[in-house]
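Presented below is the structure to which this report refers.
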Amino acid sequence: ARGRVAVSGWMDGYGHLIVIEHDNNYMSLYGYNRAVYKKEGAIVNANETIAAVGNSSGQSQDALYFEIRQGTSPQNPARWCR
């Protein structure tokens with residue numbers, strides 16, 4: 001969904017991380033990336049490429065860390081991943 005990039009950079013445990021702030025106090029987090037393509041403050045739209053999957057957090061193979069939060073509460077992403 002459309003949102004604003006709140007974090008774009010390195011974070012221990014997540015590697016290259018992007019956090020996007022969405023409406024209604026939702027955030028989506030994407031970690032372990034090989035590269036990030038958007039800077040903090042950028043507006044992004046649904047289906048826009050924001051990063052390349054990788055293993056920047058020390059994973060043995062490429063992977064994606066994905067999380068959705070409303071405020072500080074993690075949410076089940078199944079609702080959005082159909």
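The values are calculated or read from the model by the stated rules, or taken from the named source; none is laboratory data. Since we're looking at a predicted model, the values are computed, not measured. Please note: Cβ atoms are built from the backbone with ideal geometry, for glycine as well, and neighbour counts cover all protein chains shown. These accessible areas exclude ligands, DNA and RNA; they are computed on the full protein's heavy atoms, side chains included. Shrake-Rupley method; radii C 1.70, N 1.55, O 1.52, S 1.80 Å.
A few notes on this one:
- Residue that is farthest from His22 (Cα to Cα) [pool: residues in the range 67-82 that are basic (Lys, Arg) and not in a strand (DSSP E or B)]: Arg82
- Top-ranked residue in the range 1-11 [being assigned to a strand (DSSP E or B) and open to solvent by 60 Å² or more (accessible area, probe 1.4 Å); ranked as nearest to Arg79 (Cα to Cα)]: Arg4
- Selection from the range 47-77 of residues that are among the hydrophobic types (A, V, I, L, M, F, W, C) and open to solvent by 60 Å² or more (accessible area, probe 1.4 Å): Val53, Leu64, Phe66
- Qualifying residue in the range 38-45 (condition: under 17 Å from Arg79 (Cα atoms), at pLDDT 95 or above and open to solvent by less than 40 Å² (accessible area, probe 1.4 Å)): no
- Of the residues Tyr26, Tyr14, Tyr32, the single one that is touching a His at 6+ places or on another chain (Cβ under 9 Å) and surrounded by 16 or more Cβ atoms within 10 Å (Cβ to Cβ) is Tyr32.
- Selection from the range 23-66 of residues that are closer than 21 Å to Gly13 by Cβ, assigned to a strand (DSSP E or B) and touching a residue at least 40 places away in the same chain (Cβ under 8 Å): Met27, Ser28, Leu29, Tyr65
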